[in-house]
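This report concerns only the one structure given below.
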Amino acid sequence: MILWRLFYTFLKIGIFTFGGGYAMIALIQNEVVEKNGWMTAQEFTDIVATSQITPGPVGINTATYAGYTAVVNAGYSSSLGVVGAFLASFAVVLLPFILTLIVSRLLLKHKDHPLVAATLSVLRLAIVGLIAAAALLLLTPENFGTPNTSLLQFVASCVLFVAVFIASYKFKISPILLILLSGVVGLCLYL
């Protein structure tokens with residue numbers, strides 16, 4: 001049944017993800033779109049966008065929406081979709097929570113050991129790679145369009161992407177303000 005597969009899938013995602021929610025996005029996309037075919041790439045992109053603008057950790061929000069969408073897309077009722085959302089959210093945090101409890105005690109005891117320091121430095125590099133993979137995952141025709149289908153959408157998307165990147169990286173403008181301004185630009189362009 002899909003609920004068991006959903007629980008197992010997000011349990012795996014939770015235990016093998018280091019670096020937080022953004023690092024988790026690439027793994028979730030691989031599991032729910034590529035491997036299991038529970039949703040389309042466009043649906044997943046919409047889920048990630050919604051997860052970023054709703055309160056809470058982006059990884060858990062993505063798991064919640066993906067769990068709901070997977071169950072509903074499989075032909076089950078929306079009330080069973082809520083169960084799927086709960087199971088995916090619970091599964092994605094269960095093993096990391098238990099592991100964090102165990103590891104935090106050990107890290108406090110052995111934090112100055114050279115092997116621990118070396119392991120953490122390697123994990124930092126892996127986390128940067130996973131976050132970069134999540135960013136590249138969203139650079140798709142579903143998000144930007146293509147010059148062949150809509151030149152205006154493609155150019156506007158690229159300009160907006162570069163402008164928001166520069167505003168965020170160089171000028172340290174608040175992400176909330178950038179999201180609001182991007183929404184206004186989108187409304188003006190597409191209405």
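If I go through the stretch 142-155 residue by residue, how many of them are free of Cβ contacts under 8 Å to residues at least 24 places away in the same chain, surrounded by fewer than 14 Cβ atoms within 10 Å (Cβ to Cβ) and in a helix (DSSP H, G or I)? Matching residues across the stretch 142-155 total 2. Quick one: is residue 168 of a type in the set (Ser, Thr, Tyr), assigned to a helix (DSSP H, G or I), surrounded by 12 or more Cβ atoms within 10 Å (Cβ to Cβ) and without any contact (Cβ under 8 Å) to a residue 40 or more places away in the chain? For residue 168, the condition - of a type in the set (Ser, Thr, Tyr), assigned to a helix (DSSP H, G or I), surrounded by 12 or more Cβ atoms within 10 Å (Cβ to Cβ) and without any contact (Cβ under 8 Å) to a residue 40 or more places away in the chain - is met.
Residue-by-condition table, conditions (1) of a type outside the set (Ser, Thr, Tyr); (2) on the phi > 0 side of the Ramachandran plot:
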{"residue": "95", "(1), (2)": "yes, no"}
{"residue": "102", "(1), (2)": "yes, no"}
{"residue": "111", "(1), (2)": "yes, no"}
{"residue": "115", "(1), (2)": "yes, no"}
{"residue": "118", "(1), (2)": "yes, no"}
{"residue": "129", "(1), (2)": "yes, no"}
{"residue": "136", "(1), (2)": "yes, no"}
{"residue": "140", "(1), (2)": "no, no"}
{"residue": "145", "(1), (2)": "yes, yes"}
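Residues are listed down the side, and each one gets a yes or a no for (1) of a type in the set (A, V, I, L, M, F, W, C); (2) under 23 Å from the mean Cα position of the chain (by Cα):
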| position | (1), (2) |
| --- | --- |
| 104 | no, no |
| 129 | no, yes |
| 135 | yes, yes |
| 139 | yes, yes |
| 142 | no, yes |
| 162 | yes, yes |
| 183 | no, yes |
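For beta carbons closer than 8 Å, sequence separation of 6+ or different chains, a first residue in the stretch 70-98 that is within 14 Å of residue 5 (Cβ to Cβ) and a second that is of a type in the set (S, T, N, Q) and surrounded by fewer than 16 Cβ atoms within 10 Å (Cβ to Cβ), the qualifying pairs are 70/36.
Report, by residue number, each residue of the stretch 66-82 that is over 21 Å from residue 27 (Cα atoms) and of a type in the set (Phe, Trp, Tyr). Answer for the stretch 66-82, where residues must be over 21 Å from residue 27 (Cα atoms) and of a type in the set (Phe, Trp, Tyr): just 76. Only one of these conditions is not met by residue 34: (1) without any contact (Cβ under 8 Å) to a residue 24 or more places away in the chain; (2) within 12 Å of the chain's Cα centre (by Cα). Which number is it? Result: residue 34 fails condition (2) only.
Bear in mind that the values in this text are calculations on the coordinates, not laboratory data. Quick caveat: nothing in here was measured; it's all calculated off a predicted structure. Glycine also receives a Cβ, built like all others from the backbone with ideal geometry; neighbour counts cover every protein chain displayed.
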